[in-house]
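Below you'll find the structure, written out as structure tokens, and then a few comments.
The values are calculated or read from the model by the stated rules, or taken from the named source; none is laboratory data. None of the values given here were measured: they were computed from a predicted structure. Cβ placement follows ideal geometry from the backbone for every residue including glycine, while neighbour counts extend to all protein chains displayed.
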Amino acid sequence: MTVTFDNPATAPAPLADRYSNVAAIDLGAVTMLVLAGQAALDHDGSIVGTDVATQSEQIFQAIGAMLAAHGGGFEHVVNIRTYLTDIDVLNEYGAVRRKYLTGTPPTSTTIEISRLFRPEALLEVEVTAVIPR
């Protein structure tokens, strides 16, 4: 088993040099990707949008870029974890999520939290994907 860490240039880079956006775990016939939590950041590190739908779109575009950089797509997502600062926006988030996760739904956890690392961030999303070789 080999683990490599990276930050694909096609997605916004982490804000700090203390973590990587992607851990790629070579399991022989498949590669498992564990993505760090993604907030609605652009390539300059600024939050995109002031509503959950806009922020969700930005997050899923970044996740898609990371998956694609490793030869995968949303069809390879096996688990998704979402942290919302307001559970009342779950339907708006869910509408965006359904645009990207169109096949068999992955396992999922959604949690309401009091705040994220920036006050204007409304949600953070982590995914795990398994990509066949």
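Within this structure, THR82 passes the test of being within 21 Å of ARG118 (Cβ to Cβ) and part of a strand (DSSP E or B). The one condition from (1) closer than 19 Å to ASN7 by Cβ; (2) surrounded by fewer than 18 Cβ atoms within 10 Å (Cβ to Cβ); (3) touching a Phe, Trp or Tyr at 6+ places or on another chain (Cβ under 6 Å) that PHE117 does not meet is (3).
Which one of these is β-branched (Val, Ile, Thr) and surrounded by fewer than 18 Cβ atoms within 10 Å (Cβ to Cβ): VAL77, VAL125, VAL130? Going through VAL77, VAL125, VAL130 in turn, just one is β-branched (Val, Ile, Thr) and surrounded by fewer than 18 Cβ atoms within 10 Å (Cβ to Cβ): VAL130. Selection within the range 1-13: residues that are over 14 Å from ILE63 (Cβ atoms) and not polar (S, T, N, Q). The member of this set that is surrounded by the most Cβ atoms within 10 Å (Cβ to Cβ) is ALA13. Quick one: is ILE87 more than 20 Å from VAL3 (Cα to Cα), of a type in the set (Val, Ile, Thr) and exposed (fewer than 14 other Cβ atoms within 10 Å of the Cβ)? Against the criterion (more than 20 Å from VAL3 (Cα to Cα), of a type in the set (Val, Ile, Thr) and exposed (fewer than 14 other Cβ atoms within 10 Å of the Cβ)), ILE87 qualifies. When the range 64-111 is filtered for residues that are touching a helix residue (DSSP H, G or I) at 6+ places or on another chain (Cβ under 6 Å), within 21 Å of VAL130 (Cβ to Cβ) and either of a type in the set (Ser, Thr, Tyr) or at pLDDT 95 or above (or both), the ones remaining, listed by number, are GLY73, PHE74, TYR100, LEU101. Close contacts from the range 1-21, counting a first residue that is farther than 14 Å from GLY45 by Cβ and a second that is assigned to a strand (DSSP E or B) and among the charged types (D, E, K, R), with Cβ to Cβ under 7 Å and a gap of 6+ residues or different chains, come to MET1/ASP26; THR2/ASP26; SER20/ASP6.
Of everything in the range 1-57 that is of a type in the set (D, E, K, R) and either within 24 Å of GLU112 (Cα to Cα) or in a helix (DSSP H, G or I) (or both), the residue that is modelled with the lowest pLDDT is ASP42.
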